[in-house]
Amino acid sequence: MWRRLIPGVALVAVVVCQFFDCHDDPAFEPEEGPLGELQFTWLGALQYIHVKNGTPHYFRVPRVVLISRQFVLSTAVDAALIPEGYALGNIVFGDYERDEMECKTSLEELAQGRECEPAVLLMPIADVLLHPEYKHFNVRNSIALLKLITPIKSQYMVPACLPFKNFAITKAGKQTTESLLHIDFSSDVPRDFIEEEKDIQKVKLLPRELCYLYDALPTLGNVTKLPKDRVACTTGCGYQSGSPVFIHEHTGHWSIVAISQGGSPCQDPLRVRRPPPPPIHTLIHPYVPWITAAITGKAVGAFAKDDPFGYVMPRTSIYDLIAHTWVGHWWMGGLRCYDRGEAADDIFRFYHEIFQIKPTTVTYLAYYLEIDAAHDTMIICVKVGMPYRLGQPKVWQLDSPEIKVRIPVRGFQHVYKIQVEAWAYNATESLSSSIDDSSTEEK
């Protein structure tokens, strides 16, 4: 594989553009601990507001996850059991990433150095959709959907992905031993969302028998036991209710595996008398049919087979026939850029490069790349990551071993970064697999 870079540069004043990694960046593998950059903007919090003085609750702040532009996912308990004297307040996104229109900023102003800083978004709740198993069968560890009063407008607020399969179970039918990622705010009770940080840590699933062991203990009231195929226990402690557990797919998508039901805080290691009960999480995959039907009003079977979500979202929908459009900070060139799951098993990223320019004066530059792949390797997707949508890239000759990409940018100064990724598939393997399939059908 090789590429030719033919830059055209016209030196002319100075632009500083902060570069944010996109949620879909396959190269982004976060380390455990506090996150240093803006990430996971789909993580929010549910506020309870005092009915008399309007102050938020000081001890209970459940987490929510943005799964579409107008719906967030939460636990059923958090949506239904409101603290006495309080009412449902707002959904808070502490890292609300505004786009150019919401900033009321033109691309020329951004290119001249003006920055569109992240903001705090307070969004009222229009409706609460509790899962029927919670309302009618007293299944306590269930989920709920909170409908926002208006859709999220910013194009940079890309929702998280619903799972297209049960990531907790391997193909052999056993529980996975892979590490999952738990994402939450650093503070147990977030208050100042402007300064609030996020933490990420790796967790592993514990044997399911351990969950059922604690579930066998006497319970108060008429509460149904844990649904055996919808809960999981993990390592760790002190998880907040609604905080998500994710998996990072090879295509870069962040898929929700489970949400925490909360629990007791971590014990003092010097005063441990007995092992605490493991944290309980609700697996999301069994609820995807209900989520899609509740949001869209249509059953999952009404959607196309290649739609792993079951309903239209930016990560999987086809906006136009050629599928060359923006998703967050990434420009997607090619229909296969939207594939994930089994539909993306045959594609791989073979080219990834970050271009960085640090001029001494105002610079106008346009990138032109020619990317050549190995023999019998067909390039079917090109992704371009930019800090803002400062240009409309173009790509030619997709589904061939050689493609051409043109990335126009505007005048800038100081530092500017662009990421370019190329995805391909092996034409020989695809041909042999199709022949095998046809032979099998003939038999």
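For this structure, a couple of remarks:
- Members of the range 334-379 found to be assigned to a strand (DSSP E or B) and of a type in the set (D, E, K, R), listed by number: Arg349, Glu353, Glu370, Asp372
- Filter pass, Phe348 being of a type in the set (A, V, I, L, M, F, W, C), in contact with a Phe, Trp or Tyr (Cβ under 8 Å, 6 or more places away or on another chain) and at pLDDT below 80: no
- Of all residues in the range 73-104, those satisfying the criterion of being over 26 Å from the mean Cα position of the chain (by Cα) and not charged (D, E, K, R) are Leu81, Ile82, Pro83, Gly85, Tyr86, Ala87.
- Residues being surrounded by fewer than 17 Cβ atoms within 10 Å (Cβ to Cβ) and either part of a strand (DSSP E or B) or among the charged types (D, E, K, R) (or both) - total across the range 131-146: 1
- Exclusive hit being part of a strand (DSSP E or B), of a type outside the set (Asp, Glu) and over 26 Å from Asn90 (Cα atoms), set Leu181, Leu110, Leu121, Leu210: Leu181
- Unmet requirement for Thr234, which otherwise passes all of (1) under 16 Å from the mean Cα position of the chain (by Cα); (2) modelled with pLDDT of 85 or more: (1)
- The listed residues are Ala299, Ala323, Ala374, Ala293, and the only one of them that is at pLDDT below 85, among the small types (Gly, Ala, Ser) and surrounded by 15 or more Cβ atoms within 10 Å (Cβ to Cβ) turns out to be Ala323.
- For the range 125-148, the condition holds for no residue, the condition being that it is out of contact with any strand residue (DSSP E or B) (no Cβ under 8 Å at 6 or more places or on another chain), of a type in the set (S, T, N, Q) and at pLDDT below 90.
- Qualifying residues in the range 380-394 (those that are in a strand (DSSP E or B) and of a type in the set (A, V, I, L, M)) - the one farthest from Arg410 (Cα to Cα): Ile380
- Of the set (1) part of a loop (DSSP other than H, G, I, E, B); (2) surrounded by 15 or more Cβ atoms within 10 Å (Cβ to Cβ), all apply to Val405 but (1).
- Search result, residues across the range 255-280 that are charged (D, E, K, R) and at pLDDT 90 or above: none
- Residue among Leu107, Leu88, Leu81 that is aliphatic (A, V, I, L, M), touching a Lys or Arg at 6+ places or on another chain (Cβ under 8 Å) and farther than 21 Å from Leu35 by Cβ: Leu107
- Candidate set from the range 408-429 (those that are assigned to a strand (DSSP E or B) and small (Gly, Ala, Ser)); member that is nearest to Phe355 (Cα to Cα): Ala422
- Which numbered condition Leu390 misses (of (1) within 30 Å of Thr170 (Cα to Cα); (2) at pLDDT below 80; (3) in contact with a helix residue (DSSP H, G or I) (Cβ under 7 Å, 6 or more places away or on another chain)): (1)
Okay, residues lined up against (1) at negative phi; (2) outside the structural domain of Val120 (by TED's automatic domain parsing); (3) surrounded by 16 or more Cβ atoms within 10 Å (Cβ to Cβ); (4) at pLDDT 90 or above:
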| site | (1), (2), (3), (4) |
| --- | --- |
| Ala27 | yes, yes, no, no |
| Gln39 | yes, no, yes, no |
| Lys52 | yes, no, no, no |
| His57 | yes, no, yes, no |
| Leu73 | yes, no, yes, yes |
| Asp78 | yes, no, yes, yes |
| Leu81 | yes, no, no, yes |
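The values are calculated or read from the model by the stated rules, or taken from the named source; none is laboratory data. Owing to the predicted nature of the structure, the values given are computational and were not obtained by experimental measurement. Positions of Cβ are backbone-derived with ideal geometry, glycine not excepted, and every protein chain shown enters the neighbour counts.
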